[in-house]
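See structure below.
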Amino acid sequence: MAKNILLTAVGGQGLVLATGILAEVALRSGLDVKTNDVIGLSQRGGKIMGSVRMGEKIYSPNIAPKEGDILIAFEALEAKRMLPYMKEGGVIIKNNYEMVPSLVQQEKTEYDPDIDSLLTGKGEVISLDATAVAKRIGHPAVANILMLGIAARYLEIDDAIWHQVIRENVPEKSIEMNIEAFDLGKAGTY
């Protein structure tokens, strides 16, 4: 059976790095993996998304509506956008941090002030200010790895694999900070 993981963010929040780490971790644990990123607006504060499908045999990186098992939303409003892709009873990991997307800045859409009420009843919702926790650890940029740690609770992949892949993919000077962020997320002690 496949695990379908959606990642969504505003450009600059580390979605591409997180998607790559997640895919590599799954590969090293012996799973077949397909991944997809839509990052065209990432440099401009635009909305971006990624998907990772992992399992015994995966044929496509695309996740159909109502097929997502886990949603990792690095920005609050982006969780709302991906709800149609989540299956009933899925896991939604939402950063409460608001990084206003460019369409809101351009007044082409509004920022929904009550995203949490939209998530009620949609599955297990883990809502936290991952950016504030990351700042406390040492830098807001590790929020994405903290959120991967939370997602790792729902994936049967050894922590040693996670740690190794993180070490190989983050800047050398921030390795220990990223490992700490992952471990806090995995333990739920943030």
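When Lys135 is tested against (1) touching a residue at least 24 places away in the same chain (Cβ under 8 Å); (2) surrounded by 13 or more Cβ atoms within 10 Å (Cβ to Cβ), just one condition goes unmet, and that condition is (1). Test Thr19 against the criterion of being under 19 Å from Ala130 (Cβ atoms), of a type in the set (Ser, Thr, Tyr), in contact (Cβ under 8 Å) with a residue 12 or more places away in the chain and assigned to a helix (DSSP H, G or I), and give yes or no. Judged against the criteria, Thr19 is a match. Within the set Leu128, Leu118, Leu146, the sole residue that is surrounded by 15 or more Cβ atoms within 10 Å (Cβ to Cβ) and farther than 20 Å from Gly20 by Cβ turns out to be Leu128. Number of residues in the stretch 153-190 that are out of contact with any helix residue (DSSP H, G or I) (no Cβ under 9 Å at 6 or more places or on another chain) and crowded, with 18+ Cβ neighbours inside 10 Å: the value is 0. Picking from residues in the stretch 137-190 that are of a type in the set (Ser, Thr, Tyr) and not in a helix (DSSP H, G or I), the one that is modelled with the highest pLDDT is Tyr154.
The values are calculated or read from the model by the stated rules, or taken from the named source; none is laboratory data. Remember, predicted model here, so these are calculated numbers, not experimental data. Backbone-built Cβ (ideal geometry, glycine too); neighbour counts: all protein chains shown.
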